[in-house]
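*Asks:* One structure follows; several queries about it will come next.
The values are calculated or read from the model by the stated rules, or taken from the named source; none is laboratory data. Note that the structure is predicted; figures quoted are calculated from it, not measured. Please note: Cβ atoms are built from the backbone with ideal geometry, for glycine as well, and neighbour counts cover all protein chains shown. Accessible surface areas use protein heavy atoms only, side chains included; no ligands, DNA or RNA. Shrake-Rupley method; radii C 1.70, N 1.55, O 1.52, S 1.80 Å.
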Amino acid sequence: MNNHILKALVTSAVLGFGATAAYAEECIAPANPGGGWDFTCRQIGKIMYDIGAVDKPVQVTNMAGAGGGLAFTHVVSERSDDADLIVAASSATSTRLAQNAYAGMTADQVRFVGAIGADPGVIVVAKDSPYQSLTDLVDAIKADPGKIAFAGGSAVGGFDHLKPLMILQRAGVTDVRAIKYIGVDGGADAITQTVGGFTQAMTGDMSEIVGFLKSGDVRAIAVLTEERVPGFEDIPTAKEQGIDVVAVNWRGLYVPKDISDEDFDKWADRLQQVADSDEWAEAMAANGLAPFTKVGADFQTYVDGVVVEIRTLSKEIGVIQ
């Protein structure tokens, strides 16, 4: 189907009969509403419009499936020259590409246009959990590895899965592959698993848990940063608890590979405008994001390096051969 016809059909379906709004650009969030990719699309898209970087609201389309693989395949196969399309991405995206989790798809089939925030990794338990600290949780796993299961918003072997594996490896657990992990589509679903008692802990990112922290449904027992996160100073780092793990999830975008350099630069400029805005500073503070700005060719080079690094790490901990 012609890309422009497809976009028109999707837009008309979203707007509904009689609607008067119109969308110039679209952002695909490769997960269900409520998770980190959804946050990236909605916040960045809204601010782009609010500050005048785009002249019409950015349409957000949720396309969950295969840990982001469905959206990636859709972009590569159906919309490789769509200059009006951006897609939410993160460290989870580069991790899965490094591990060939998208059925043969590779990082060079799209162009990574920029990242403007780093989402600190977190380990979370339900409010009534017996585990009061990361040390408590690690000790329980050492005593009985089959007793604890983690839920995360990435597929098995993805970045959310890697976080507890890194923690446990550095805490002296020799067979990290014995640790149970349930991958779901997005952080909100992962928290639901933990709050409901189906898993004992959630591994994810700060932006995914803010609302649940405020409601009191969960407790964060560790943040995976060098220092405590401003606004969330009551959450201790893993390093403070004797486990030297830092794992942050950059929040950014990729675009279709076959768009022009001019269109690529246009999206990079729009993203830079968001990064420089007061509105984005407020959004980062409200959602526990740390500054992390790389746009254009600089970011593409960064992602290329990350893919190599994650592939090596994944082999070291046995996720891939």
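*Asks:* Go through the stretch 170-185 and report how many residues are touching an Asp or Glu at 6+ places or on another chain (Cβ under 7 Å) and either buried (at least 23 other Cβ atoms within 10 Å of the Cβ) or closer than 20 Å to Tyr102 by Cα (or both).
*Replies:* 0
*Asks:* Scanning for something at pLDDT 95 or above and surrounded by fewer than 24 Cβ atoms within 10 Å (Cβ to Cβ), does the stretch 149-169 turn up at least one residue?
*Replies:* Checking the stretch 149-169: at least one residue is at pLDDT 95 or above and surrounded by fewer than 24 Cβ atoms within 10 Å (Cβ to Cβ).
*Asks:* Taking the condition of being charged (D, E, K, R) and under 21 Å from Thr301 (Cα atoms), how many residues in the stretch 84-127 meet it?
*Replies:* Restricting attention to the stretch 84-127, the residues satisfying the condition of being charged (D, E, K, R) are 84, 96, 108, 111, 119, 127.
Right, trim to under 21 Å from Thr301 (Cα atoms) and you get 96, 108, 111, 119.
Selection size over the stretch 84-127: 4.
*Asks:* Just name the residue that is surrounded by the most Cβ atoms within 10 Å (Cβ to Cβ) out of those in the stretch 201-220 that are more than 11 Å from Ala188 (Cα to Cα) and of a type in the set (D, E, K, R).
*Replies:* Once the filter is applied, the top-ranked residue is Arg219.
*Asks:* Going through the stretch 106-116 one residue at a time, which ones are out of contact with any strand residue (DSSP E or B) (no Cβ under 6 Å at 6 or more places or on another chain) and buried (at least 19 other Cβ atoms within 10 Å of the Cβ)?
*Replies:* Ala107, Gln109, Ile116
*Asks:* Six or more apart or on different chains, Cβ under 7 Å: which pairs go from a residue in the stretch 40-56 that's not assigned by the TED database to the domain that holds Ala275 to one that's open to solvent by 10 Å² or more (accessible area, probe 1.4 Å)? Could you list them?
*Replies:* From residues that are not assigned by the TED database to the domain that holds Ala275, there are no pairs.
*Asks:* Would you mind telling me which numbered condition in (1) in contact with a helix residue (DSSP H, G or I) (Cβ under 9 Å, 6 or more places away or on another chain); (2) at pLDDT below 95 Val122 fails?
*Replies:* The single condition Val122 does not satisfy is (2).
*Asks:* Before we move on, is Leu168 outside any loop (DSSP other than H, G, I, E, B) and not assigned by the TED database to the domain that holds Asp144? Steps first, please.
*Replies:* Values: outside any loop (DSSP other than H, G, I, E, B): yes; not assigned by the TED database to the domain that holds Asp144: no.
No; evaluated as a whole, the condition is false for this residue.
*Asks:* Mind checking whether some residue in the stretch 308-321 is assigned by the TED database to the domain that holds Ala92 and modelled with pLDDT of 90 or more?
*Replies:* No, there is no match, as no residue in the stretch 308-321 is assigned by the TED database to the domain that holds Ala92 and modelled with pLDDT of 90 or more.
*Asks:* If you don't mind, another one. Select from the stretch 222-234 the residues that are modelled with pLDDT of 90 or more and over 20 Å from the mean Cα position of the chain (by Cα) and write down the one among them that is least open to solvent (accessible area, probe 1.4 Å). Even if it seems obvious, please write down each step before you answer.
*Replies:* Initially, the stretch 222-234 is screened for residues modelled with pLDDT of 90 or more, giving 222-224, 232-234.
Subsequent filtering for residues that are over 20 Å from the mean Cα position of the chain (by Cα) retains 233-234.
Details: Glu233: 105, Asp234: 126 Å².
Out of the qualifying residues, it is Glu233.
*Asks:* What tally of residues in the stretch 235-264 results from selecting those that are in a strand (DSSP E or B), closer than 17 Å to Val124 by Cβ and open to solvent by less than 10 Å² (accessible area, probe 1.4 Å)? Working first, answer last.
*Replies:* Applying the first criterion (in a strand (DSSP E or B)) to the stretch 235-264 yields 237, 248-256.
Checking the rest, the ones that are also closer than 17 Å to Val124 by Cβ come to 237, 248-249.
Right, trim to open to solvent by less than 10 Å² (accessible area, probe 1.4 Å) and you get 237, 249.
Of the residues in the stretch 235-264, 2 are in a strand (DSSP E or B), closer than 17 Å to Val124 by Cβ and open to solvent by less than 10 Å² (accessible area, probe 1.4 Å).
*Asks:* Quickly run through the stretch 265-300 and pick out the residues that are over 25 Å from Asp108 (Cβ atoms), in a helix (DSSP H, G or I) and open to solvent by 40 Å² or more (accessible area, probe 1.4 Å).
*Replies:* Across the stretch 265-300, the qualifying residues are Gln273, Asp278, Glu279, Ala281, Glu282, Ala285, Ala286.
*Asks:* For the stretch 186-216, what are the residues that are farther than 24 Å from Lys147 by Cα, outside any helix (DSSP H, G or I) and of a type in the set (S, T, N, Q)?
*Replies:* Once the filter is applied, which keeps residues that are farther than 24 Å from Lys147 by Cα, outside any helix (DSSP H, G or I) and of a type in the set (S, T, N, Q), the stretch 186-216 yields nothing.
*Asks:* I've got another one for you. Take the stretch 126-141 and flag every residue that is surrounded by 14 or more Cβ atoms within 10 Å (Cβ to Cβ) and in a helix (DSSP H, G or I).
*Replies:* Within the stretch 126-141, Leu134, Thr135, Asp136, Leu137, Val138, Ala140, Ile141 qualify.
*Asks:* Sticking with this one: Of the residues that make up the stretch 117-125, is at least one over 22 Å from Ile209 (Cα atoms), open to solvent by less than 10 Å² (accessible area, probe 1.4 Å) and not in a loop (DSSP other than H, G, I, E, B)?
*Replies:* Going residue by residue through the stretch 117-125, those that are over 22 Å from Ile209 (Cα atoms) are none.
Among the residues of the stretch 117-125, not one is over 22 Å from Ile209 (Cα atoms), open to solvent by less than 10 Å² (accessible area, probe 1.4 Å) and not in a loop (DSSP other than H, G, I, E, B), which makes the answer no.
*Asks:* Looking for something in contact with a strand residue (DSSP E or B) (Cβ under 9 Å, 6 or more places away or on another chain) and acidic (Asp, Glu) - is there at least one such residue anywhere in the stretch 237-253?
*Replies:* Checked against the condition, which is being in contact with a strand residue (DSSP E or B) (Cβ under 9 Å, 6 or more places away or on another chain) and acidic (Asp, Glu), the stretch 237-253 yields at least one hit.
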